[in-house]
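Taking it in order: structure first as structure tokens, then the write-up.
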Amino acid sequence: MFSTVLIWSAVHPHDRFTWWLEVIPALIGVLILLFSYRFFQFTSLVYFLVLIHSCILFIGGHYTYAEMPLFNWFKEIWGFERNYYDRLGHFAQGFIPAIIIRELLIRTSPIKNTKWLPVTVVCMCLAISAAYELVEFTVAILTGEAAEAFLGTQGDVWDTQWDMLLALIGSIISYWALSKIHSHQLKKLIK
């Protein structure tokens, strides 16, 4: 599925520059997972979540986050002021890394059985989101108008704050909703 969506995404994207900016994080992440698989295997939940996040990035890269057709349809039907696919992407930016970080910390750190684990996971997800906003800012400074589709602000002066808030909410919901399933998979993996 990963390859299929990637190939579809690469065929006549809305803007090739934006496509690369959106797709590169998924490609880097998957390469890291492939190269580390021999000595560090994650749970199937992590691999599934990475696949979902990659698909979100590939779709956003193909259409741009401001022009994703399904969310344009939602915009028209419900009278939204903007295309909210960008918000879904930033929610996922917290939701998916939360489980990846949780697994890394449980398997490699001394905080695995402490109350600091959820706090650390959520804070790290927020830090990733803030770092990504700085990447967007840097791309905008370096490329000017060429970064407009990548930024996806759609005229919203609070876009950066919304992006980080949604990543924060995504990480909290992910930790709360998936920890039990994740812990079960970890027990089976670590046996």
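The values are calculated or read from the model by the stated rules, or taken from the named source; none is laboratory data. Treat the numbers as computed from the prediction; the structure is a model and nothing was measured. Each accessible area value is taken on the protein alone, full model and side chains, heavy atoms only, with ligands, DNA and RNA left out. Shrake-Rupley method; radii C 1.70, N 1.55, O 1.52, S 1.80 Å.
Observations on the structure shown:
- Mean separation of Cα pairs under 8 Å and 6 or more residues apart, divided by the residue count, gives the chain a relative contact order of 27 percent.
- Dividing the helix sum by the residues of the chain, where each DSSP H run of 4 or more adds -39500 (n - 2.57), gives a mean residue ellipticity at 222 nm of -26500 deg cm²/dmol.
- Computed over Cα pairs, the Kirkwood radius of the range 13-72 leads via Stokes-Einstein (1.567 mPa s, 4 °C) to a diffusion coefficient of 104 µm² per second.
- Probe 1.4 Å, accessible area per residue of the range 13-64, Å²: 51 Å²
- Cross-link partners of residue 187 among lysines (Cα-Cα below 25 Å; sequence separation of 8 or more within a chain): 112, 115
- Helix runs (DSSP H) in the chain reaching 24 Å along axis by Cα, Kyte-Doolittle at least 1.6: 16-36, 44-63, 116-143
- Surface composition of the chain: carbon plus sulfur atoms hold 72% of the accessible area, using a 1.4 angstrom probe and ignoring ligands, DNA and RNA.
- Pairwise centroid distance, computed over Cα atoms, of the range 49-67 with the range 80-120, Å: 18 Å
- Within the range 1-146, the proportion of Cα pairs with more than 21 Å between them is 51 percent.
- The range 75-147, accessible area per residue, ligands and nucleic acids excluded (1.4 Å, Å²): 55 Å²
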